[in-house]
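Engineer: The structure that follows is given in the form of structure tokens.
The values are calculated or read from the model by the stated rules, or taken from the named source; none is laboratory data. A quick note: this is a predicted structure, and the numbers were derived from the prediction, not measured. Methodologically, a virtual Cβ is constructed for each residue, glycine included, from the backbone with ideal geometry; neighbour enumeration extends over all protein chains shown. For accessibility, only protein heavy atoms count, side chains too; no ligands or nucleic acids. Shrake-Rupley method; radii C 1.70, N 1.55, O 1.52, S 1.80 Å.
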Amino acid sequence: MIKHNDFNVCIEIGEPPNKTKEFETNIEILTRHSPYFKAALSIWWAQKRPDEERLIFKKPNVSVEAFQILLDFMNLSLIDLSTYSPTTWLDLLLAADEMLFDNVLNHVQFHFLCHPHQWISSLLVQVLNAVVSRPTCTDLRDYCLKDAIEKNPSLLFNSPDFNALNEKALEEIVKCDKLGIREIDLWKKVVIWGIANVPNSSRLKNTTTYQPEEWEKEEFWGLKEKLAPLLQWIRFFDISLMDFEKEVRPFSSILPEYLIGDFVRWQLTDKKPLYFEPKPPRQKYIPIESEIITSGQAALIASWIEGKFEIEAPLYIKFCLIYRASTHGRSIKTFYNKCKNVGPTIIVVKLKNSKQIIGGYNPLNSAWKHGRFSSARGDRTGFLFSFTDRQTLDKAKICKILPKKRNCGIYDHPGGGPCFGMGPDLWICTGLEKKIGQTVEKTYIGNVRGTEGYFYWDDCEIFQVLKKRG
């Protein structure tokens, strides 16, 4: 701890009208903890006049509370962020990054990542704006973009702070290949953001709905300049013809040349556009409490349930975990207590000594029963599926039920546990000491595992499928 007569630096923090304060400290403690101060203050120390007793150093862009925390850290080497608000965490993150307190920066970033529930709904825009261009904050940046916004876009797009996004942050979002929002809705949000951020456009900003047919040419020019970096990332060819005519064509003067002609050609003739190469559709997400499959894989399964071959948005399906073998236990009694007469359901299974994941969709409302003499049942919408690993989607496989066997999709196996088809095409035993299963192609088209016979598995999860129309 330094003594009062050792103070030789006065740090003036803040700037009116915000809170300001002068902090007296010692050059040695500042330079020991911060390369920033080591560089800045060493120059002054080498050039100071003999009559100068202390240096006055100004930092107007740092908050008083953040610098106080840094000063306490320099003296005590401790920071307890639990006593501060997320707004203060952000101020501290920015101060630590600017003044090169690397240990503090890493600690604050880790705290953000460990406690997202305390800030994600109220401070997402501000955090993303702050970290999107900072190479020192890539972990927090990636969390905002990939774990928060991609998987739950409503956190951002329904935020009252959406229009406060800076241009770089919005560009990174629009570039995302995995974004669970309709392209037309993304376009509308981008236009509204542009209107809110065009300089000197008070008339546009005061309207509750944009009406481009009433705009002046100069207003289109301002919007075109503001949106120019973003338009290349919009998947215009994923927008329906009706939505394009209503929401996009009115802004033809800001769109890339030849886009409208190519779009109409694509829609009416299904011929390849002449000037534009359509970007692949964005991959969508569905949140799922799974340790076996990802949200992207859950979205693909949901698309199959809805009768689609590709992931489309919106997906009005929710998966609710009702059974996990590693959590609830592997016994026939436990399985039936959790799953009996619950439906529709999906089952996902991680194979032992393999990255492969297999599973099935049971469309019946009350399907899983326990009894040696229960009859087979089902309908034509049931299917089996497999993934090569927990990340890959392009090699996903779906095995549909044979039309003539549509009433045999589900079978109560004498050994207990979920069973699809009469082969059994997929059976997972939940009652034996060893975690075994079996696949024999008979009721479904193709062997879901790729090979017939018994196998071992690591874990099994069953989810109830809830459908809700928007």
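Engineer: How many residues are assigned to a loop (DSSP other than H, G, I, E, B) and either among the basic types (K, R) or surrounded by 16 or more Cβ atoms within 10 Å (Cβ to Cβ) (or both) if we restrict to region 403-414? Outline the logic, then answer.
Structural biologist: Just the residues of region 403-414 that are assigned to a loop (DSSP other than H, G, I, E, B), to begin with: 409, 411-414.
Within this subset, residues satisfying the condition of being either among the basic types (K, R) or surrounded by 16 or more Cβ atoms within 10 Å (Cβ to Cβ) (or both) are 409, 411-413.
Residues that pass the stated criteria total 4.
Engineer: Does R330 fit the bill of being part of a loop (DSSP other than H, G, I, E, B) and over 23 Å from the mean Cα position of the chain (by Cα)? Write out each step before concluding.
Structural biologist: On the way: part of a loop (DSSP other than H, G, I, E, B): yes; over 23 Å from the mean Cα position of the chain (by Cα): yes.
The answer is yes for R330.
Engineer: Related question: Any residue at all in region 146-165 that's open to solvent by 30 Å² or more (accessible area, probe 1.4 Å), within 30 Å of P35 (Cβ to Cβ) and in contact with a helix residue (DSSP H, G or I) (Cβ under 8 Å, 6 or more places away or on another chain)? Show your work before the answer.
Structural biologist: Taking region 146-165 as the starting set, the residues that turn out to be open to solvent by 30 Å² or more (accessible area, probe 1.4 Å) are 146-147, 151-152, 154-155, 158, 160-161, 163-164.
Right, trim to within 30 Å of P35 (Cβ to Cβ) and you get none.
No, there is no match, as no residue in region 146-165 is open to solvent by 30 Å² or more (accessible area, probe 1.4 Å), within 30 Å of P35 (Cβ to Cβ) and in contact with a helix residue (DSSP H, G or I) (Cβ under 8 Å, 6 or more places away or on another chain).
Engineer: I'm checking my understanding of the structure. Among residues of region 268-303 that are assigned to a helix (DSSP H, G or I) and at pLDDT 85 or above, which one is farthest from S154 (Cα to Cα)?
Structural biologist: I301
Engineer: Does D425 fit the bill of being in contact with a Leu (Cβ under 9 Å, 6 or more places away or on another chain) and acidic (D, E)?
Structural biologist: Against the criterion (in contact with a Leu (Cβ under 9 Å, 6 or more places away or on another chain) and acidic (D, E)), D425 qualifies.
Engineer: Tally time: how many residues in region 338-376 are open to solvent by 10 Å² or more (accessible area, probe 1.4 Å), more than 22 Å from N447 (Cβ to Cβ) and either part of a strand (DSSP E or B) or at pLDDT 80 or above (or both)?
Structural biologist: Matching residues across region 338-376 total 8.
Engineer: Which one of the conditions (1) more than 27 Å from K175 (Cβ to Cβ); (2) charged (D, E, K, R); (3) modelled with pLDDT of 90 or more; (4) surrounded by fewer than 20 Cβ atoms within 10 Å (Cβ to Cβ) does K48 fail to meet, given that it meets all the rest?
Structural biologist: Checking K48 against (1) more than 27 Å from K175 (Cβ to Cβ); (2) charged (D, E, K, R); (3) modelled with pLDDT of 90 or more; (4) surrounded by fewer than 20 Cβ atoms within 10 Å (Cβ to Cβ), the one that fails is (3).
Engineer: Another one. Which numbered condition in (1) part of a loop (DSSP other than H, G, I, E, B); (2) at pLDDT 85 or above; (3) hydrophobic (A, V, I, L, M, F, W, C); (4) open to solvent by less than 50 Å² (accessible area, probe 1.4 Å) is the only one that I181 fails?
Structural biologist: Looking at each condition in turn, I181 falls short on (2).
Engineer: Pull up region 423-469, narrow it to residues that are touching a Lys or Arg at 6+ places or on another chain (Cβ under 6 Å) and not in a loop (DSSP other than H, G, I, E, B), then point me to the one that is most open to solvent (accessible area, probe 1.4 Å).
Structural biologist: This residue is Y456.
Engineer: Of the residues L170, L128, which single one is under 19 Å from R235 (Cα atoms) and at pLDDT 95 or above? I'd like the intermediate steps shown before the answer.
Structural biologist: Numbers: L128 fails: under 19 Å from R235 (Cα atoms).
The unique qualifying residue is L170.
Engineer: Counting just the residues of region 5-34 that are open to solvent by 70 Å² or more (accessible area, probe 1.4 Å) and more than 17 Å from V64 (Cα to Cα), which one comes out modelled with the highest pLDDT?
Structural biologist: Per the criteria, the residue is R32.
Engineer: Find the residue count for region 260-287, including only residues that are under 30 Å from the mean Cα position of the chain (by Cα) and without any contact (Cβ under 8 Å) to a residue 24 or more places away in the chain. Spell out how you get there, then give the answer.
Structural biologist: Keep residues of region 260-287 that are under 30 Å from the mean Cα position of the chain (by Cα), which gives 263, 276-287.
This time we only want the ones that are without any contact (Cβ under 8 Å) to a residue 24 or more places away in the chain, so: 277.
Final tally of qualifying residues: 1.
Engineer: Then there is this: If a residue must be surrounded by fewer than 16 Cβ atoms within 10 Å (Cβ to Cβ) and basic (K, R), how many such residues does region 377-389 contain?
Structural biologist: Of the residues in region 377-389, 1 are surrounded by fewer than 16 Cβ atoms within 10 Å (Cβ to Cβ) and basic (K, R).
Engineer: Same structure, new question: Restricting attention to region 277-309, which residues are of a type in the set (A, V, I, L, M, F, W, C) and open to solvent by 60 Å² or more (accessible area, probe 1.4 Å)?
Structural biologist: Filtering region 277-309 down to residues of a type in the set (A, V, I, L, M, F, W, C) leaves 286, 288, 292-293, 298-302, 304-305, 309.
Once the filter is applied, which keeps residues that are of a type in the set (A, V, I, L, M, F, W, C) and open to solvent by 60 Å² or more (accessible area, probe 1.4 Å), region 277-309 yields only F309.
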